[in-house]
Amino acid sequence: MNKARLFFTVVTIMLCIALGISPASAQKGKPIKIGFMGDLSAPFSLSAQAAAKLAVSEMNAAGGILGRPVELITEDTKGEIPKGIEIYKKLVMHNNVDAVVLAEKVEMSVAGMQIGAELFREFPHIMFSTLGSGDAIWHHVRDDYERFKFGFQTYYFVSSHYLEIMGGQIIPDFFKNYVGVTKVALIYEDMDWTKPLRQGLPGVSPSLREVYESKGLEVVYEKTISLDQKVFSTLFEDVAKEGACMMDCVVGYIDQPAFIKQWAQSSARDIPWFFWGGLAGMPMAWNMTEGMIAGGSIGSSFVRVAITEKTIPFMDNMVEKYKTGPIFGSHTTYDTLYGYKKALEQADDTKDINNIIKSLENVRETAVLGKIGWDSRYHYNIPYPDYVTPIVQWQDGKMVPVYPSDVAQGTFQQPADLRK
């Protein structure tokens, strides 16, 4: 394979010399290829796909990247890791993409990093994970930089960042001072991304329980629930019995409508909850829960708050051009492609992979939710306050931003007051 590639390169150079043109000029019209992988039966991957299409169409309308058009190649993993691995191989080996965008759960991104590392030497490329929030992705870069340096993680926060943000600001400021919480119930979904929060990471970060206790709040209840769980009545009765003032629900993929409806009819219905992501942060959640979501809070980027000059145009274009709302992976996918564009332009190069990686490690670009950029050592997205996700509360059929103060459009209210 290497001999064939060398022969092709030599022939190309000789032809260019014979025709009086430079090899760089011959490459100028060739497209920069970006492969997109996602579970296209899932709303979050569909929204991320629309965001990728939007970014690519805007770039091409503005002249592409370094004068070259951008081509997006989309593949459906159907949420199956073995299928995803085969798609990754196809994109890199057959389609010869310059970058792969993985807009799916963290487990798929980890599998992508493994197969990408095997292919990287012969097929140099960049991998972006725009939906996975687990620490396993950046741990690969930390533990073996040379092998996994092609991988970059763009989702809002890795699990360790959640702890820094929750412990540094949200717990003492929002929960304790603003909402008035003294006792908390911690509820986790049983997935890889919640493990660092449940158990802590030795030498990296404590558990979420330890963070709460270090801020003077009492954890009165702690439970991990299965993604298959449909009945939560016993959980709510136990939470109410323990006297919790808030349920911090470290969830994103559980059956949220079932959870919310049962909460609203339980003895814990006056205890507010905070979700870390998922359906509850989307406009359709009000109708899907028949309004029972009132009083619930969640980190959501699905609100019209002008965090930067790009925020509102991005949201409007997503709806107008692709008939989909900007769900929680779309912003990061869109911002990732513009961060990649910026890095290529700063490197003035599209082929020297080590030069491109170094450029990605230093890029900082205005994005939909703040600034896009990656940590130079571990390749995770720079976190809050550079990248912002507002906390919203469901009030009167709308998601009202209540935190942080510079984007707030209302104040937090207790669920019982919202039902009056």
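Bear in mind these aren't lab numbers, they're just calculated from the coordinates by the rules spelled out. All values reported here derive from a predicted model rather than from experimental measurement. Positions of Cβ are backbone-derived with ideal geometry, glycine not excepted, and every protein chain shown enters the neighbour counts.
Listed values, structure above:
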quantity	calculated
Under the Karplus curve 6.51 cos²θ - 1.76 cosθ + 1.60, θ = phi - 60°, whole-Hz ³J(HN,Hα) for region 127-139, x wherever Gly or Pro sits	10, 10, 9, 9, 10, x, 10, x, 6, 4, 5, 6, 4
Long-range lysine pairs (8 or more apart or interchain), region 263-397, Cα under 15 Å	7
In order through region 298-311: 3J(HN,Hα) via Karplus (6.51 cos²θ - 1.76 cosθ + 1.60), integer Hz, x for Gly, Pro	7, x, 9, 9, 9, 10, 7, 10, 7, 5, 9, 5, 8, 4
Cα convex hull of region 290-387 - mean projected area over all directions, nm²	8.2 nm²
Cα gyration tensor shape of the chain, rounded if a/c is under 1.5, else prolate or oblate by comparing a/b with b/c	prolate
Gained length - Ala306 relative to Glu320, 0.36 nm times residue gap less alpha-carbon distance	3.2 nm
Within straight-line cross-link reach of Lys215, lysines at Cα separation under 17 Å, skipping those fewer than 8 residues along the same chain	Lys176, Lys183
Segment Thr74-Val231, length gained on full extension (0.36 nm per residue, minus Cα span)	52.8 nm
Amide H contacts of Glu222 (H built 1.01 Å from N, under 5 Å, at least 5 apart or other chain)	Leu186
Cα-derived Rg over Rh, computed across region 69-209 with Rh taken as Kirkwood radius	1.07
Two-site label geometry, Lys420 and Asp352: point separation in nm, points 7 Å out along Cα→Cβ	6.7 nm
FRET efficiency for Ile81 and Glu164, using Cβ-Cβ distance with R0 set to 45 Å, rounded to 0.05	0.95
Built amide H within the under 5 Å cut-off of Val400, gap 5+	Gln393, Trp394, Gln395
Long-range amide H partners of Gly151 with built H, under 5 Å	Met127
Estimated distance in nm for a label pair at Glu218 and Lys30, the labels positioned 7 Å out from Cα along Cα-to-Cβ	6.7 nm
